[in-house]
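Worksheet for the structure shown next.
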Amino acid sequence: MKLKTIFAAALFLAFSFSLHAQVSIGLKGGVNFSNIQATQALDQVLPNFSDITTFSIGAVAEIGISEQFAFQPELVYTRKGFGLREGLDLDLLGVPVPLGVTAETQIDYVEVPLLAKYKFGTEGISAYITAGPTIGYATKGQINTKANILVDFSIARVPVDLDAINFQRLEIGGTAGAGLAVNTSMGQFFVDARYNLGFTQLYDIPLVNEKLRNRGFGINAGFLIPISGI
């Protein structure tokens with residue numbers, strides 16, 4: 001399935017929900033702590049996987065279904081990946097990582113979360129929970145190698161040819177989270193925390209015959225402005 005087909009389907013679904021509903025749109029941004037979902041066997045062979053700190057930025061819409069329930073589609077540009085600390089002699093995504101060097105694998109995604117939202121609280125300050133599927137497409141990747149002499153400094157950034165290593169660009173996953181919203185005269189400010197898990201097996205590490213799946217935790221903040229409703 002091509003990326004434009006995914007986006008077209010998401011937009012059509014959002015438009016269908018938006019008829020005769022309270023609609024707000026806005027922007028959001030945040031920080032992610034990304035890693036991979038490792039099996040027990042992989043943890044025993046390579047115990048050095050660690051989180052990397054990444055970013056996300058995008059557009060969000062809230063389409064009211066009732067006073068407490070809403071549909072929240074988003075279009076987000078985000079970075080995922082993982083780190084290898086302490087260094088290993090390993091061929092990682094087709095790039096050799098020498099002993100004694102820290103390597104961060106960074107994969108950029110365009111992602112469409114399609115979330116159900118439940119809200120509760122007062123008119124001024126409310127809380128909410130969200131959950132739903134995500135559809136993502138990997139646009140590019142790189143491995144950032146670092147050395148540590150008192151502080152980390154970058155040695156090299158090597159681009160990764162995702163197609164050449166048979167990396168699965170299309171990712172299906174899920175997300176769940178909770179947040180707080182504050183209503184103002186201009187719109188609604190919100191902040192939330194989410195856990196994300198990829199269901200798609202992305203890449204097979206050659207030396208250990210183990211497949212990778214993304215997982216991560218993110219903190220986001222944004223602002224919604226109402227544009228229509230009855």
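Derivation of every value follows stated rules applied to the coordinates shown; laboratory data play no part. Only a predicted model underlies this, so the values are computations on that prediction, with no experimental measurement involved. Ideal geometry is used to build each Cβ from the backbone, glycine not excepted, and the neighbour counts take in all protein chains shown.
Per-residue extension of 0.36 nm, minus the Cα-Cα distance of residue 223 and residue 172, leaves a gain of 15.7 nm for this segment. So for the pair residue 163, residue 195, with labels modelled 7 Å out along Cα→Cβ, what separation do we get in nm? Simple spin-label model gives 3.7 nm for this pair.
The slack in the chain from residue 180 to residue 129, taken as 0.36 nm per residue of separation less the alpha-carbon distance, amounts to 17.5 nm.
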